[in-house]
1. Give me the Debye-computed log₁₀ of I(q)/I(0) at q = 0.14, 0.19 Å⁻¹ for region 28-149, equal point scatterers on Cα only, no solvent, two decimals.
2. Of the candidates L178, L31, L204, which one comes out as most mobile in a Gaussian network treatment of the chain with C-alpha springs shorter than 10 Å?
3. Just how large is the dipole of the chain about the Cα centre, in debye to the nearest 20, putting +1 at every Lys and Arg Cβ and -1 at every Asp and Glu Cβ?
4. Whole-Å semi-axes of the chain's equivalent ellipsoid, largest first, each the root of 5 times a Cα gyration tensor eigenvalue?
5. Just name one of S97, G142, A121: the one whose Cα is farthest towards the positive end of the charge dipole of region 90-149 (beta-carbon charges, Lys/Arg +1, Asp/Glu -1).
6. Between 0 and 90 degrees, rounded to the nearest ten: what's the tilt of helix 90-101 against the longest Cα principal axis of the chain?
7. Mean residue ellipticity at 222 nm from the helices of the chain, using -39,500 (n - 2.57) per DSSP H segment of n ≥ 4 over the full residue count, to the nearest 500 deg cm²/dmol?
8. Nearest 10 degrees is fine. How inclined is helix 65-76 to the longest principal axis of the chain, computing both from alpha carbons?
Amino acid sequence: MKIFLDTADITEIRRAAEAGLIDGVTTNPSLMAKVGATREPADLFLEICEAVDGPVSAEVVVLDAEGMIEQGHRLAKIHDNIVIKVPLTEAGLRACSALTNEGIRVNVTLCFSPTQAHLAAKAGATYISPFIGRIDDVAGDGMELVGQIRQIYDNYEIDTEILAASIRHPQHMVQALLLGADCGTLPPKVLYQLLEHPLTDKGLEGFMADWKSLGREL
Ligand code: G3P
């Protein structure tokens with residue numbers, strides 16, 4: 001499964017990319033707002049693309065299809081790694097279809113139902129982003145949606161990749177892996193939670209103490 005980092009924080013992106021932990025990055029307008037308005041968005045997207053060898057989702061910020069296509073063209077010119085993120089609306093799917101026909105990759109975001117995911121695939125989406133955590137937030141089952149999309153895409157041999165988004169904790173990641181999601185995007189905090197285990201810490205402490213007691217240099 002591909003792991004994407006869900007952030008626009010360049011320091012976190014470099015940290016994870018240099019450790020070889022990520023295959024790409026996803027951003028959205030809220031994540032861009034979090035890192036502040038001191039940078040030109042195009043400059044930040046370019047810096048992110050140069051820091052990671054993989055797809056970098058950059059989202060359009062208008063509601064009409066023509067506007068999305070125009071913004072998509074401008075974003076795609078920044079770097080070959082850019083994937084255009086559009087919302088799961090009729091206008092978003094029109095833009096998805098147009099951009100895909102031009103060879104530009106599209107990530108359709110804000111997916112909350114299996115029929116939405118099916119229509120996004122019809123419109124040629126490279127990635128579909130079901131928002132797991134936000135479904136759980138309203139007492140739904142985000143992982144059930146991932147499983148349903150997996151089955152639908154497998155039934156009809158659809159090659160749109162399932163990008164499990166809004167992952168809030170390691171168990172979401174475990175379930176996404178077991179269900180066969182193609183990609184998962186996670187905030188830096190959750191990425192590092194994935195590698196933590198108290199028995200690893202305890203074991204390492206023991207190894208270090210025993211080595212010290214040996215009194216030798218390596
Ligand atoms: O990639 C979409 C994701 O950032 C949404 O996450 O935690 O805001 O629901 P969240």
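1. With one equal scatterer per Cα and no solvent, log10 I(q)/I(0) is -0.61, -1.04.
2. L204
3. Working: 18 positive and 31 negative charges, 45 e Å.
With only Lys, Arg, Asp and Glu charged at Cβ, the dipole is about 220 debye.
4. Numbers: eigenvalues 240, 97, 40 Å².
Here the semi-axes work out to 35, 22, 14 Å.
5. Looking along the dipole axis, the top candidate is S97.
6. 80
7. Values: 11 runs with 112 residues, N = 218.
So the helix-based figure for the chain works out to -15000 deg cm²/dmol.
8. 40
Coordinate-derived values only; no laboratory data. Just so you know, these numbers come straight off a predicted model, no measurement behind them. Note that we place each Cβ from the backbone using ideal geometry, even for glycine, and neighbour counts take in every protein chain shown.
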